[in-house]
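Taking it in order: structure first as C-alpha cells, then the write-up.
The values are calculated or read from the model by the stated rules, or taken from the named source; none is laboratory data. Everything quoted here is computed from the prediction, not taken from an experiment. Cβ: placed from backbone, ideal geometry, glycine included. Neighbour counts: every protein chain shown.
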Amino acid sequence: MKTDIYSQKAWVDKFISRCPADDSDAERVRKIVEMIPVDVSTVLDVGIGGGYIYKELRKKKSLRCAGIDLSLELVKRLDEPAICVGDAGEIPFRSEQFDLVLAADLLEHIKDEFFRQTVSEIKRVSRKYILINSPYKDAIDWPVALCDRCNGEFNVYGHMQVIDTGLIRRAFPKEEFDVVISEIFGRKRSTRPAPLVYIARRFGKVYSEEGAVCPYCFNISIRPPDRNFAEVLIGRMMAATFFFMDRAVPSLLKQGSEIRVLLRKKDAIQ
Ligand SMILES: [Zn+2]
C-alpha cells in the first residue's frame with residue numbers, strides 16, 4: 001500500500017489541479033464543516049487529499065486539527081501545519097486522541113483487503129464522533145480506463161468501493177455507533193445501468209481517455225484502444241442510449257451523488 005498511486009507525482013498534479021473542482025465542491029466542503037458538533041475541539045482528517053476540507057477546518061478557531069495522507073508528494077505540496085504522511089490502515093496517533101475523525105472521500109478508495117483495518121483504525125483514534133463523506137452508490141465501472149502498457153482496467157478516480165448506507169452500517173454497527181445525521185445530497189446521479197456499461201465496454205471498447213494514471217504500472221500517457229467501425233458504432237449507440245435514458249428518468253426518482261454520515265460512539269465519555 002505504501003507505493004500507491006496516490007504517491008505518484010502525476011496523480012498529485014492531476015488531483016491538486018482539480019480541488020476544489022467547482023462551486024458544488026465548495027458547497028460540499030462548507031456543509032461538511034457545518035456538521036461538526038459544537039462539543040468537538042480536536043479533529044483528525046484522514047486522507048487530506050487536496051487539502052481543501054482541511055484548510056476550511058483550520059479557519060474554525062474552536063478546532064485544533066491534524067491530518068494525514070498516504071502521499072508524501074501531497075503532504076509536501078500542501079505545506080499546512082500539523083499534517084503528516086500516514087496510512088489510514090495504520091494511523092500514527094494514540095487511541096481516542098481526537099474528538100472527531102473525518103473520513104472524507106476516503107473509504108471509496110480503500111481496497112477490500114485493507115477496508116476492515118482502515119475502519120478499525122478510524123474507530124480507534126476517535127474519542128466520540130466519526131464523520132464520513134463519500135460518493136453515494138458511485139459505480140466503480142464508470143469511468144474506466146484501459147492501460148495500453150499493462151492492460152489493466154481501472155476506475156479513473158481510484159474508486160474501489162461502492163459506498164451506501166448498508167456498507168456504512170456494517171462497518172459502524174448500531175451496537176457501537178448511533179447515527180446522528182445521515183444525508184444523501186448533491187447533484188443527481190446519472191442513469192447508467194451496469195449491463196449497458198458492460199456492453200459499451202466489451203463490444204464498443206468505450207474507455208475513458210483523459211488524464212488517467214494507471215494504478216498498476218503508473219503509466220501516465222494512456223492512449224485509448226484502437227476501435228474498428230463496428231466498435232465505434234456500438235460505442236455511439238450506447239452513448240445515445242445513456243443520454244436518452246438519463247433524460248427519461250424523472251429527476252425526482254434520481255438519488256443524490258454524495259452521502260454524509262455523522263456517527264457517535266455509544267460508549268463515548270461525555
Ligand atoms: Zn498500466
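I want to confirm something. Restricting to the range 144-156 and keeping residues that are of a type outside the set (A, V, I, L, M) and crowded, with 17+ Cβ neighbours inside 10 Å, which single residue is nearest to N219 (Cα to Cα)? If we take residues in the range 144-156 being of a type outside the set (A, V, I, L, M) and crowded, with 17+ Cβ neighbours inside 10 Å, then C147 is nearest to N219 (Cα to Cα).
Output yes when any residue across the range 119-132 is surrounded by fewer than 20 Cβ atoms within 10 Å (Cβ to Cβ) and either under 27 Å from P215 (Cα atoms) or under 16 Å from the mean Cα position of the chain (by Cα) (or both), and no when none is. Yes, some residue in the range 119-132 is surrounded by fewer than 20 Cβ atoms within 10 Å (Cβ to Cβ) and either under 27 Å from P215 (Cα atoms) or under 16 Å from the mean Cα position of the chain (by Cα) (or both). In the range 215-238, the residues that are over 23 Å from M160 (Cβ atoms) form Cβ pairs under 8 Å with partners that are in a loop (DSSP other than H, G, I, E, B) and within 12 Å of the ligand (Cβ to nearest atom), at six or more places apart or across chains, as follows: R223/D148. Screening the range 142-254 for helices (runs of 4 or more DSSP H) wholly inside it with 3 or more residues that are modelled with pLDDT under 95 returns the ranges 194-204, 229-248.
Quick check on the range 132-144: of everything there that is of a type in the set (V, I, T) and under 21 Å from D25 (Cβ atoms), which residue is farthest from the ligand (Cβ to nearest atom)?
Top of the filtered list is I132.
The condition (being touching an Asp or Glu at 6+ places or on another chain (Cβ under 7 Å) and either of a type in the set (K, R) or not in a loop (DSSP other than H, G, I, E, B) (or both)) is satisfied by just one residue among K76, K128, K123: K128.
Every residue, every condition in (1) closer than 22 Å to K128 by Cβ; (2) at pLDDT below 70, yes or no:
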residue: Q8; (1), (2): no, no
residue: D13; (1), (2): no, no
residue: D22; (1), (2): no, yes
residue: D25; (1), (2): no, no
residue: R30; (1), (2): no, no
residue: M35; (1), (2): yes, no
residue: V40; (1), (2): yes, no
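Just one of the listed residues (R169, R201, R189) is free of Cβ contacts under 8 Å to residues at least 24 places away in the same chain and either away from the ligand (no atom under 16 Å from the Cβ) or over 21 Å from D13 (Cβ atoms) (or both), namely R169.
Residues of the range 145-166 that are within 16 Å of the ligand (Cβ to nearest atom) and among the small types (G, A, S): A145, G152, G158. Applying the criterion of being over 28 Å from the mean Cα position of the chain (by Cα) and acidic (D, E) to the residues of the range 211-269, the residue that is nearest to the ligand (Cβ to nearest atom) is D226. Summed over the range 99-124, residues that are farther than 29 Å from Y207 by Cβ, out of contact with any strand residue (DSSP E or B) (no Cβ under 6 Å at 6 or more places or on another chain) and among the hydrophobic types (A, V, I, L, M, F, W, C) total 1.
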